[in-house]
Each structure stands twice: as C-alpha cells, then as structure tokens.
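The values are calculated or read from the model by the stated rules, or taken from the named source; none is laboratory data. These numbers were taken from a predicted model, which means no experiment stands behind them. Positions of Cβ are backbone-derived with ideal geometry, glycine not excepted, and every protein chain shown enters the neighbour counts.
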Amino acid sequence: MLNRTAENVARATPEPLARKVRGISDKGLAWLFISPTILLLLAINIFPLFWAIYLSFTNYRANRPNEVVKNLGFANYKRILGDQDVWIAMQTTAHFVFWTILLQTLIGFTLAWLIDRKFRGHAFWTTIILVPMMLSPAVVGNFWRFLYEPQIGLFSYVISFVSGIPPTSIQMLSNVELAPWSIIIVDTWMWTPYVMLICLAGLRSIPEYIYEAAEVDRASNWRQFWSITLPMALPFIMLAVLFRGIENFKMFDMVNLLTGGGPGSTTEVASITLKRQAFESWRTGYSSAFAIILFVAVFGLATSTSRRSTR
C-alpha cells in the first residue's frame, strides 16, 4: 500500500525528486507523512512550556510588554513556596482530588460491575449513564447552578423533602461548608461514567474460564470477587484514578462556573489562584513559576501512580 502511494507521488513529481521518492523505504515514507503533525505538536506544546519556564525566572508582566524584563533567578519560586495563600489553595485542590476520585472510583466500579452482569436492559441504562460525560462543562455548570438555586432549584426541594429543611435554607453555592461539596457532587455526576467505562473494559477483559475454574473449586461469589475480579481489574482502576487525578488537579471550569472560588476563598483551587495571578494581577512571571510547580507536582503524582499500578 505504501509502495503504491510512493509510486503515485513519484509520477506527479519532477524526475529528480521522483527518483528520491522511489528510493524511500516504507518506514521513511511513514515518517515523511507524520513529520508535519509532529512538528505542529512540538510547536503547540513544547515551545509554550519552554517559554513559560523562561518567564518564570523573570518579572515579566503581560500588561506591560514594553518594560525592561529582569532576571529574578528563583525569587518567584521562593515567593510561591512561602505564600500561605498558595498552600491553602493546594490544600483545597487536594480535598477536591481526594473526594472526587474516591466517589467516582467507588460508584464507577460498582456501576461497571452491575452492567457487566448483563441484566435485561443493560444497554439502555449504559447509554443513559453515559449522557453526563458527553455534555460540555459549560452546559453542566450552568445546569447545576440552576439546580442549586434555593428558591427554584430542584436539588433544594429534593433535600427538603428528604430532610424536612426549608428549601431556602439550603444554600449550596454560598454556604462555606456546602460549597466545596456542591462542586464534588457535580464533578462526580459528570465523570463517574468515564471511570465506569474504563472499569468495564477491565471486567470484560477477564477470561470466563477463570470463573469456571473457580466454580469447579466451589469458590463463593464473594471469594471470586476478591480473588479474581478485583485483582484483575485493579490495573484498569488505577488507570482511571490516574486520568481523573490529573484532570481534577487542574480543575478550573467547573469551579469557575459554579462558585468562582467563593464564598471567600473556600473553593479557590490552585487553577483559580493561577488565573487570578496571571489575568487579574498580571504577574506573568510569578504565575508562570506557579504553573511550572503545578506541572511538576502533577507529573510526579502521575509517575508514582503509574509505577504502583504496574507492580
């Protein structure tokens, strides 16, 4: 196939160049076709990273491009690591990451296990469960913001019906204690189907003959779950934890749409702090250093998680 493509290209090109094309191997021709894409990806991803690293050592401000750029060394990094507000934002981020991953993993694996039983109508319910994952975060954020409204929101009336608390007293987005959980609920609702799909792939990869052998040995369903299902699905579960951990560490759009980091700074995660420093205070060099610290933190956590999952 590749040789035929090379011949067609050679016919449409001048003779000197055609000889070179005919002499290209399949591997060389493949690299010829994918090299523009690789160069584009390098330009989009690698250059901004190195540019951010350079800016992190300077006092550059994007709103003052004509000012002299001074090299500050590691001063920006020292300020960030010594800033109490930054550590509070990191603690808030860790709170979101822990609870969203825990809930999404537990609920997602449970749903995957139930769907893998292939009960009647499982295909229909699988489609229904996947709907939240297919929606835009902007749509989800505005939808849940409407649901959380204490006067007209359905969420407040459901909680009121169950607990007897007046709907107007349920201030999910403006209450200091409830606001973090309101974001955790929305993120769990939206991304649990994603975890479910990965866990379902893990469950479907377990050969049937293993269960048949366990039944011959008279292993109970509980023993089969703990000795076969969970261990063999664990690499897929860890993969889901890795993907969702990386995404939730960078959580921005949902928090920005629902609370904007409030009330006060209760839900101000690291990405919100980064946005305020970069586009409100215009401390571009400082925010670039903060972005590099977040990148190193995410990369380190992802590396350690992937190593544990392969053991």
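Descriptive notes on the structure:
- Residue identified as in the same structural domain as Val241 (by TED's automatic domain parsing), in contact with a helix residue (DSSP H, G or I) (Cβ under 9 Å, 6 or more places away or on another chain), at pLDDT 95 or above and under 26 Å from Lys250 (Cα atoms) among Trp87, Trp99: Trp99
- So Ser182, is it modelled with pLDDT of 90 or more and under 24 Å from Ala94 (Cα atoms): yes
This table checks each residue for (1) among the aliphatic types (A, V, I, L, M); (2) within 24 Å of Ser265 (Cα to Cα); (3) in the same structural domain as Ala138 (by TED's automatic domain parsing); (4) touching a Pro at 6+ places or on another chain (Cβ under 7 Å).
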site	(1), (2), (3), (4)
Ser160	no, no, yes, yes
Ile165	yes, no, yes, no
Ser169	no, yes, yes, no
Met172	yes, yes, yes, no
Trp181	no, yes, yes, no
Val186	yes, yes, yes, no
Ser205	no, no, yes, no
Trp222	no, no, yes, no
Glu247	no, yes, yes, no
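- Condition check for Pro150 on (1) without any contact (Cβ under 8 Å) to a residue 40 or more places away in the chain; (2) surrounded by 14 or more Cβ atoms within 10 Å (Cβ to Cβ); (3) not in a loop (DSSP other than H, G, I, E, B): one failure, at (3).
- Filter pass, Val298 being of a type outside the set (Ser, Thr, Tyr), at pLDDT below 90 and closer than 16 Å to Phe98 by Cα: yes
- Top-ranked residue of region 13-48 - restricted to ones that are surrounded by 10 or more Cβ atoms within 10 Å (Cβ to Cβ) and outside any helix (DSSP H, G or I), ranked as modelled with the lowest pLDDT: Thr13
- Condition met for Ala214 (assigned to a helix (DSSP H, G or I), touching a Gly at 6+ places or on another chain (Cβ under 8 Å) and either in the same structural domain as Asn175 (by TED's automatic domain parsing) or acidic (Asp, Glu) (or both)): no
- The single residue among Arg120, Arg145 that is more than 18 Å from Ala201 (Cβ to Cβ), of a type in the set (Lys, Arg), in the same structural domain as Pro166 (by TED's automatic domain parsing) and loosely packed, with under 13 Cβ neighbours inside 10 Å turns out to be Arg120.
- Out of Trp51, Trp113, sole residue that is in the same structural domain as Trp191 (by TED's automatic domain parsing), in a helix (DSSP H, G or I) and of a type outside the set (Gly, Ala, Ser): Trp113
- Options Gly261, Gly285: the member that is surrounded by 14 or more Cβ atoms within 10 Å (Cβ to Cβ) and on the phi > 0 side of the Ramachandran plot: Gly261
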